[in-house]
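A.B. asks: There's a structure below that I have some questions on.
The values are calculated or read from the model by the stated rules, or taken from the named source; none is laboratory data. It should be emphasised that the depicted structure is a prediction, and the values quoted were computed from it without experimental measurement. Every residue, glycine as well, gets a Cβ built from its backbone with ideal geometry; the counts of neighbours run over all protein chains shown.
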Amino acid sequence: MATDYTQGDRIVRHSPAGGSNSPDVWGLYEPESGSVQYICADPSTRKAALIDVVWDFDPQSARTAQDSIDHVLRVVESEGLEPAWILDTHPHADHFMASARLKERTGAPTAIGEKTREIAELWRGYYHMPEAFDPSRDFDRLLADGDTIALGDLQIRVMLSPGHTLGSVSYVCGDAAFVHDTLMHADTGTARADFPGGSAEELWQSIQEILSLPDNTRLFIGHDYGTDERDTPAWEATVAEHLARNPHVKAGTRKEDWIKQRTERDESLSLPDRMLAALQVNLRGGRLGAAESDGNHYLKIPVNKF
């Protein structure tokens, strides 16, 4: 059974390993963007993967901070874990990724899906920055569908899960799967598919592949914003729970009905307030662009493109 504790105003929830070939998982809620950051660890060797960690960014002042990074690393230290991988599921639109800073502080290698190269090509056009972004340089490993990486005595399998972006990946480790911005919590539904390179049809297929995992697989999602009935953030539910009660994709849902619902919902949504700042940072592996002659860093924001 998952257990909660708090550090300051931050929620930490531990989902314990369920036996052999099962990782310990800690979810750490970042309230400003509604993001959930994860630590996935092998119980026997204490090797850990840090997944989708946030580098804090205030869009009003354009200032960064490392509070979320510090929070994750405090849990790593308190639990006696050793970072072995720094993983991102995709170039996030709603927060700066912490990969580069985590590598500086832990020495662990960074990785993301190989189709991030295609996302970078797409966004070079939107930013009119034809020479920008080199994921092969800025990440230590670009992962293909079906690749595996070692986490102590466990294995993490990479599952290509496009739709939210064209290159999103899920990470499957034993009975745990980190499925990013595909599903929302089992009482909420599914995530949007209208960003550049996104596709509702591809997202549907990705979700079906995720829901074809064993029924007891713990699915860990990327975001939660609460509901009218639930104030406490929630981010873990099994495949069986999603099939039983997810209002968008429970068993028996028809593809065409879901695509219609998802498309109509996406048309009503505005861009995340950090998106145009975040993509140019995240496509550099969580780095700002080079400092200019005055020693300061600047973000480039396209006007009237979205």
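A.B. asks: Here is a list: ARG287, ARG274. Which entry is surrounded by 19 or more Cβ atoms within 10 Å (Cβ to Cβ) and closer than 27 Å to GLU114 by Cβ?
C.D. replies: Only one candidate passes the filter, namely ARG274.
A.B. asks: Name the residues in region 259-287 that are hydrophobic (A, V, I, L, M, F, W, C) and in contact with a helix residue (DSSP H, G or I) (Cβ under 6 Å, 6 or more places away or on another chain), would you? Explain how you work it out, then say what you get.
C.D. replies: Just the residues of region 259-287 that are hydrophobic (A, V, I, L, M, F, W, C), to begin with: 259, 269, 271, 275-279, 281, 283.
Of everything in region 259-287, those that are hydrophobic (A, V, I, L, M, F, W, C) and in contact with a helix residue (DSSP H, G or I) (Cβ under 6 Å, 6 or more places away or on another chain) turn out to be ILE259, LEU279, LEU283.
A.B. asks: Which one of ASP228, ASP215, ASP187 is without any contact (Cβ under 8 Å) to a residue 24 or more places away in the chain, surrounded by fewer than 21 Cβ atoms within 10 Å (Cβ to Cβ) and more than 19 Å from the chain's Cα centre (by Cα)?
C.D. replies: Answer to the check: ASP228.
A.B. asks: Check every one of the strands (runs of 3 or more DSSP E) wholly within region 54-154 and list those with 2 or more residues that are acidic (Asp, Glu).
C.D. replies: 54-58
A.B. asks: Now for a different question. Looking at (1) of a type outside the set (Lys, Arg); (2) surrounded by fewer than 19 Cβ atoms within 10 Å (Cβ to Cβ); (3) touching a helix residue (DSSP H, G or I) at 6+ places or on another chain (Cβ under 7 Å), which is the one condition that is false for LEU73?
C.D. replies: It is condition (2) that LEU73 fails.
A.B. asks: Of everything in region 162-193, what is more than 21 Å from SER15 (Cα to Cα) and outside any loop (DSSP other than H, G, I, E, B)? Give them in sequence order.
C.D. replies: VAL169, THR190
A.B. asks: Need a quick list: helices (runs of 4 or more DSSP H) entirely within region 217-300 having at least 1 residues that are β-branched (Val, Ile, Thr) and either within 30 Å of ARG141 (Cβ to Cβ) or touching a Cys at 6+ places or on another chain (Cβ under 8 Å) (or both).
C.D. replies: By residue number, 239-245, 275-282.
A.B. asks: OK, next. Of the residues that make up region 255-262, is at least one charged (D, E, K, R) and modelled with pLDDT under 95?
C.D. replies: So in region 255-262, the residues charged (D, E, K, R) come out as 255-257, 260, 262.
Keeping just the survivors that are modelled with pLDDT under 95 gives none.
No - not one qualifying residue is present in region 255-262.
A.B. asks: In contact with an Asp or Glu (Cβ under 7 Å, 6 or more places away or on another chain) and among the acidic types (Asp, Glu): is that true of ASP257 in this structure?
C.D. replies: Numbers: in contact with an Asp or Glu (Cβ under 7 Å, 6 or more places away or on another chain): no; among the acidic types (Asp, Glu): yes.
Against the criterion (in contact with an Asp or Glu (Cβ under 7 Å, 6 or more places away or on another chain) and among the acidic types (Asp, Glu)), ASP257 does not qualify.
A.B. asks: How many residues are within 27 Å of ALA191 (Cα to Cα) and either polar (S, T, N, Q) or surrounded by 23 or more Cβ atoms within 10 Å (Cβ to Cβ) (or both) if we restrict to region 31-47?
C.D. replies: 8
A.B. asks: Can you tell me which residue is surrounded by the most Cβ atoms within 10 Å (Cβ to Cβ) among those in region 195-210 that are farther than 19 Å from SER15 by Cβ and in contact with a strand residue (DSSP E or B) (Cβ under 9 Å, 6 or more places away or on another chain)?
C.D. replies: LEU203
A.B. asks: Within region 59-102, which residues are in contact (Cβ under 8 Å) with a residue 24 or more places away in the chain and charged (D, E, K, R)?
C.D. replies: Once the filter is applied, which keeps residues that are in contact (Cβ under 8 Å) with a residue 24 or more places away in the chain and charged (D, E, K, R), region 59-102 yields ARG74, GLU79, GLU82, ASP88, ASP94, ARG101.
Matching residues to (1) under 23 Å from GLY27 (Cα atoms); (2) without any contact (Cβ under 8 Å) to a residue 60 or more places away in the chain:
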| position | (1), (2) |
| --- | --- |
| ALA240 | yes, yes |
| THR253 | no, yes |
| GLU267 | no, no |
| PRO272 | yes, no |
| ALA290 | no, yes |
| SER293 | no, yes |
| ASN296 | no, yes |
| LEU299 | no, no |
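A.B. asks: While we're looking at this one, here's another question. For the structure I just gave you, tell me whether ARG192 is surrounded by fewer than 22 Cβ atoms within 10 Å (Cβ to Cβ), under 16 Å from the mean Cα position of the chain (by Cα) and not hydroxyl-bearing (Ser, Thr, Tyr).
C.D. replies: yes
A.B. asks: Moving on. List the number of the failed condition for ARG157; all other conditions in (1) touching a Ser or Thr at 6+ places or on another chain (Cβ under 8 Å); (2) in a helix (DSSP H, G or I); (3) free of Cβ contacts under 8 Å to residues at least 24 places away in the same chain hold.
C.D. replies: (2)
A.B. asks: Could you list, in sequence order, all residues of region 99-122 that are touching a helix residue (DSSP H, G or I) at 6+ places or on another chain (Cβ under 6 Å) and of a type in the set (Gly, Ala, Ser)?
C.D. replies: ALA120
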